[in-house]
1. Restrict the check to region 715-736 and report whether at least one residue is part of a loop (DSSP other than H, G, I, E, B), open to solvent by less than 10 Å² (accessible area, probe 1.4 Å) and either on the phi > 0 side of the Ramachandran plot or at pLDDT 85 or above (or both).
2. I need the full set of residues from region 737-757 which are modelled with pLDDT under 75 and among the acidic types (Asp, Glu), in order please.
3. Among the residues of region 686-695, is any modelled with pLDDT under 95, β-branched (Val, Ile, Thr) and either surrounded by fewer than 16 Cβ atoms within 10 Å (Cβ to Cβ) or not in a helix (DSSP H, G or I) (or both)?
4. How about region 319-336: which of its residues are open to solvent by 10 Å² or more (accessible area, probe 1.4 Å) and touching an Asp or Glu at 6+ places or on another chain (Cβ under 8 Å)?
5. Condition check: at pLDDT 90 or above, buried (at least 16 other Cβ atoms within 10 Å of the Cβ) and not hydroxyl-bearing (Ser, Thr, Tyr). Does Val760 satisfy that?
6. Every residue in region 610-645 that is part of a helix (DSSP H, G or I) and surrounded by fewer than 17 Cβ atoms within 10 Å (Cβ to Cβ), please.
7. Output the residues belonging to region 763-778 that are touching a strand residue (DSSP E or B) at 6+ places or on another chain (Cβ under 9 Å) and modelled with pLDDT of 95 or more.
Amino acid sequence: MKSKKLILPFEEVGIKDVSLVGGKNASLGEMIRTLKSKGVPVPSGFVVTATAYFYFLKKTGLDKFIKETLQGLKTKNLKELHERGSAIRYAIMHAKLPKDLSAEVVRSYREMEKHYGKNVDVAVRSSATAEDLPGASFAGEQESYLGIRGAEEVVAAVRATMASLFTDRAISYRADRHFDHLKIALSVGVQKMVRSDRASSGVMFTLDTESGFPDVVLINGSWGLGEMIVKGEVTPDEWFVWKKGLDTGVPHPIIEKKLGVKLQKMIYHAGQAIQQTKIVPTSPVERARFVLTDKEVSQLAQWGMIIEKHYSDHYKKWTPMDMEWAKDGITGELFIVQARPETVHANQDYSKIKEYRLQEVGSRKQEARIIVTGASVGSRIATGKARVILDAKRIRDFKKGEVLVTTMTDPDWEPIMKIASAIVTDKGGRTSHAAIVSRELGIPAVVGTENATKFIKTGDPVTVDTTGSAGNVYRGFMKFKVIEHDLKKIPHPKTKVMVNVAMPDTAFETSFLPNSGVGLAREEFIIASKIGIHPLALLNLSKQKPAVRREIAGKMSGWRDQKKYYIDNLAFGIAKIGVAFYPRPVIVRFSDFKTNEYRTLLGGEAYEPKEENPMIGWRGASRYYDPKFKPAFMMEAAAVKIVREEMGLTNVIPMVPFCRTVEEGIKTQEAMAEVGLVTRYVEKGVRNKDKSRAITPIYVMCEIPSNVILANEFLEIFDGMSIGSNDLTQLTLGLDRDSGIVSKVANEKNPAIKKLIADVIKICKAKRKYIGICGQGPSDYPDFAEFLVEAGIDSMSLNPDTVVKTTVAIAKKEKQVRK
């Protein structure tokens, strides 16, 4: 009978055996048994069962000792928690395994040696019987021992792993969730070690861990053994892979990749008793390289999707997965070494959205109060007095409600993390220990700030804001409000409500708002945030000053070709927004930097003239065909082509800004065609048409009076228009919207502006062409939005924070119009 066995090979256990082998081991057995035939490789081994664990405790009398020791424990008393936990661990470590159990472990290891060779190296990992179930996550609460060789060493590692069920953090975790300490057993998995110390390893999730967005696979990786990522010792490389793209076989399903800061790696260290590993610096070559090829990333993502489908079918609901992978540096093979259901987003109700907003204090004043910035985790705001702790020995000083500021965290810190209002770390990425725990606890965290412990002092009042793509820590207690929206109660008006998306990193979260797509995604935001280099400086790299060349080389780490660096990163930014809203339309405006804005990019001063009034100078379409800038625009067009044709995101529609004349629109489209991005107008003029060639729809911004006056002519070459009310206002009323002196005159509700807008809507409707608005007007003025409804506009694109209230107002106005 299986339940009475002390040892079982992985091939004999499955997902239904959680009570016998724990979640982690059950999952490994399940994958080995059922997914090997589908191409998912998982290293094998054996399991020391929960039966064996209880047998060990009873035979040695440890069960009674543990019960007596934990009687009346208050986990908030950290000193008492530590003393009792230490006593239990010491007792387990110094008790011998029963002879028959020890002999079974040795025999099973000898079987592994027959298959893998003498003294095969193994990973010895914990698997608690309530671990890795949807709704409970013991992951990281117990210890794992890597690179163990020899039968006696394996026996010792098994006993040490059992003792780790009673670390301070594990005791605290169970007590807080009302789990009975003596009803939870620890099964131990002994698994063939993948030699990732000579290659790389990491983690993989079948969703975005920040927002819960389900249509992507997130992969993190670093050199050496995988513990470095979870501990937050490194900021890993990161990839996002589009699931549908993988499913449909598009040539380029990777929609984002970022090179991490991988300064260290964990490798084997011969000579130590149990934990045979050490941390060493990485080489300059390793730091400048991604740990996986694009082909390997796609392969891992494919396996992740297979695993997710298997578990979702089993649980009869969508079950996102949290997995670990490793690459063997000797054979070059990739393996999945762990898989568990993801526990933070799995049961979350996304029909209700909590929106956190800082109270208005003025953008400049707000920026001046920023102390540090890092990766944003949690999309929340919290305040509290800072407590800077650099050593785990000082965690007893921490008080409930304080903001924990430290270099990094590990599972030993969890007793104080759960009473913190927020967490701020110098090191780590979005899958570090601090990030994972803060998500589970529902508190904001800013990780990887590099210098928080230097600039923040204990007792400082701080505000932690993770609502944006970057997490900010502000000086002082800033006022904020929390708004809860029930999306089930939001009406669905006939007028399409779209959103303006500035930063790709906020796209996944924004996509949960009620919307019909993206009415404006600005390329210039992507260029400034993801690239930061003037495109002509990149194309003329050899002509730059040595200091500029060095700075560009630093930004280009991971890429050898400067042109490919620019195109790839622009394509990734566009693609992330495209995937977030797929299959809804995403209108992407080509770059509309003014000369003064382009000058601020690295190397920009050499290529940009100084203009008296950049607002009406060399911007928009006038750049795209100009020989001085055309090579840069060709890279923009190439990026859009990759997104639409290689990534399969045909919902992305390019848009031309500030197009003064019809001739400029034609020249722009002809330039696009040179990289294979062919529009309907250009295709019409081709004699020998290539029927297999994809036609790219293209819109134009309606933001200059000439666009309205010659709307019929513009619509002969463009497929639609999007009204830019900000520029249309300044150019109709003859003012400079950057001028504080005359800015009071600027108002989209001016009768002249409204007449132009009403006229162009009528013309577009008559020609059955798309007409929307992406300016600030409907976001700022509800009555202006009502005017647009009356005029019959197809869509309004709003700032995310005004989507809900404006949608309600639009639905109300439509109802009145119908009456």
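The values are calculated or read from the model by the stated rules, or taken from the named source; none is laboratory data. For clarity, every value in this text was computed on a predicted model and none was experimentally measured. Note that we place each Cβ from the backbone using ideal geometry, even for glycine, and neighbour counts take in every protein chain shown. Side chains are part of the model used for accessible areas, which takes the heavy atoms of the whole protein and leaves out ligands, DNA and RNA. Shrake-Rupley method; radii C 1.70, N 1.55, O 1.52, S 1.80 Å.
1. yes
2. Selection gives Asp738 alone.
3. Yes: region 686-695 contains one or more residues that are modelled with pLDDT under 95, β-branched (Val, Ile, Thr) and either surrounded by fewer than 16 Cβ atoms within 10 Å (Cβ to Cβ) or not in a helix (DSSP H, G or I) (or both).
4. Asp322, Lys327, Gly329, Leu334, Phe335
5. Criteria met by Val760.
6. Within region 610-645, Ile616, Lys630, Pro631 meet the criteria.
7. Ile763, Cys764, Lys765, Lys769, Tyr770, Ile771, Gly772, Ile773
Table: residues versus (1) part of a loop (DSSP other than H, G, I, E, B); (2) open to solvent by 50 Å² or more (accessible area, probe 1.4 Å); (3) of a type outside the set (Ser, Thr, Tyr).
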position: Leu404; (1), (2), (3): no, no, yes
position: Ile416; (1), (2), (3): no, no, yes
position: Ala420; (1), (2), (3): yes, no, yes
position: Ile423; (1), (2), (3): no, no, yes
position: Lys427; (1), (2), (3): yes, yes, yes
position: Val437; (1), (2), (3): no, no, yes
position: Ile443; (1), (2), (3): yes, no, yes
position: Val446; (1), (2), (3): no, no, yes
